[in-house]
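Single-structure report; data block below.
The values are calculated or read from the model by the stated rules, or taken from the named source; none is laboratory data. All figures in this text were calculated on a predicted structure; none of them were measured in a lab. FYI the Cβ positions are ideal-geometry reconstructions off the backbone, even for glycines, and counts take in every protein chain you see. What goes into the accessible areas is simple: the full protein's heavy atoms, side chains included, and nothing from ligands, DNA or RNA. Shrake-Rupley method; radii C 1.70, N 1.55, O 1.52, S 1.80 Å.
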Amino acid sequence: MKKAFITIITLMPLLAIGQVNKFFRQGIRTTNLKEKIELFSKVITLEPKNFDAYFYRAIAKNDLGDYNGAIVDYSKIIVFEPDADTYYNRGNSKYSLEDFEGAKEDYENAFKLDPNFIDALYSLGCAKFDLGDYKGAITDFTNVLSKAPLPKVFNLRASAYRALKEYKKALKDYTYTVVITGSSNAYYSRGEFYLSVNYYQKANDDFSKAIKKNTNNSFAYFYRGVTNLLLGKYTKAIADFNRTLTFDPTDFDAMLGLALTYNKINDFNNAKLNLKNAENILSTNTNIESNLKLFENTYWFQNQNYVFSKEYEVLNKL
């Protein structure tokens with residue numbers, strides 16, 4: 001009996017190791033995220049310091065939207081064996097929770113541990129941008145661009161320059177993206193920039209090019225409608241706003257655009273109709289009565305306030 005007992009004790013670690021390997025392989029292979037979590041949890045139960053299992057379980061939790069659960073798993077690894085990948089991934093989970101300060105710290109640690117980790121540096125720039133540290137974001141994006149001239153990074157650096165009102169530098173980056181990609185989004189982004197600094201015709205030209213590249217670019221139709229209205233091209237503005245509504249029939253900004261444009265051509269019935277439609281949609285999510293405050297979250301109130309407020313007074317009396 002004693003001999004048999006000793007044999008069982010000897011075999012148990014080998015059996016456990018076999019189970020760990022089996023569950024780990026199954027966890028790697030399956031595409032079912034919940035099953036991944038279950039399998040890696042079994043590995044951890046049998047082998048509590050299997051940090052690879054914690055890492056892969058954290059990724060699965062993150063992909064399921066359990067960001068807090070992922071952070072807990074990544075943190076267990078960092079306590080014992082901190083590495084760049086784990087800091088980076090924990091930063092991503094924190095970023096998803098809009099904990100930009102926490103994400104920034106993790107991306108910084110990831111980059112310190114691996115100075116060649118370009119994705120960590122890029123993400124660090126994004127976190128700084130979201131925290132309003134535009135100068136810091138520009139520094140990081142510039143460092144990324146010195147190693148990998150990616151269009152999306154030029155666009156983000158342009159947005160940071162724009163936030164700092166360094167418009168010439170912003171335009172240079174937007175234009176560089178247009179030159180190297182020629183994409184609908186590149187033209188759209190530059191057009192939106194031109195519109196923000198009141199270069200209406202240049203903005204209009206870029207939105208037209210964006211639409212030519214992608215006829216389903218609904219935002220380009222809306223903003224071209226805005227520029228057409230501001231340029232006094234009312235028939236074209238009406239066509240663009242109506243086209244925008246084919247993508248989203250509840251687009252209150254497009255309805256307001258139509259109301260403003262119809263008012264310009266003295267078509268007061270259509271102006272009032274579109275204003276009322278926009279009011280109905282906006283009032284479903286607020287207790288505010290029909291007044292100017294109802295529109296405070298619209299494009300027109302936030303970006304064309306002078307034009308909108310003046311025209312609204314006229315429209316509201318119709």
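Per-residue extension of 0.36 nm, minus the Cα-Cα distance of Leu150 and Lys264, leaves a gain of 36.7 nm for this segment.
Computed with every protein chain present, the accessible area of Lys202 is close to 100 Å² [probe 1.4 Å]. In this calculation the C-beta distance from Thr284 to Leu33 is compared with R0 = 30 Å, giving a FRET efficiency of 0.25. Applying the criteria of a DSSP loop state and at most 16 other Cβ atoms within 10 Å to the trypsin sites (Lys or Arg not before Pro) of the range 15-51 yields Lys49. Remark: the chain carries 55 Å² of accessible area per residue (probe radius 1.4 Å; ligands, DNA and RNA excluded).
Thr181 contributes an accessible area of around 60 Å² to the protein surface, as traced by a 1.4 Å probe with all chains present. When both the range 39-76 and the range 111-172 are represented by their alpha-carbon centers, they are found 31 Å apart. Among Asp253, Asp133, the order of accessible area from largest down is Asp133, Asp253, computed with a 1.4 Å probe on protein heavy atoms. What is the percent carbon and sulfur in the accessible area of the chain, measuring with a 1.4 Å probe over the protein chains and ignoring ligands? Exposed carbon and sulfur together represent 53 percent of the surface.
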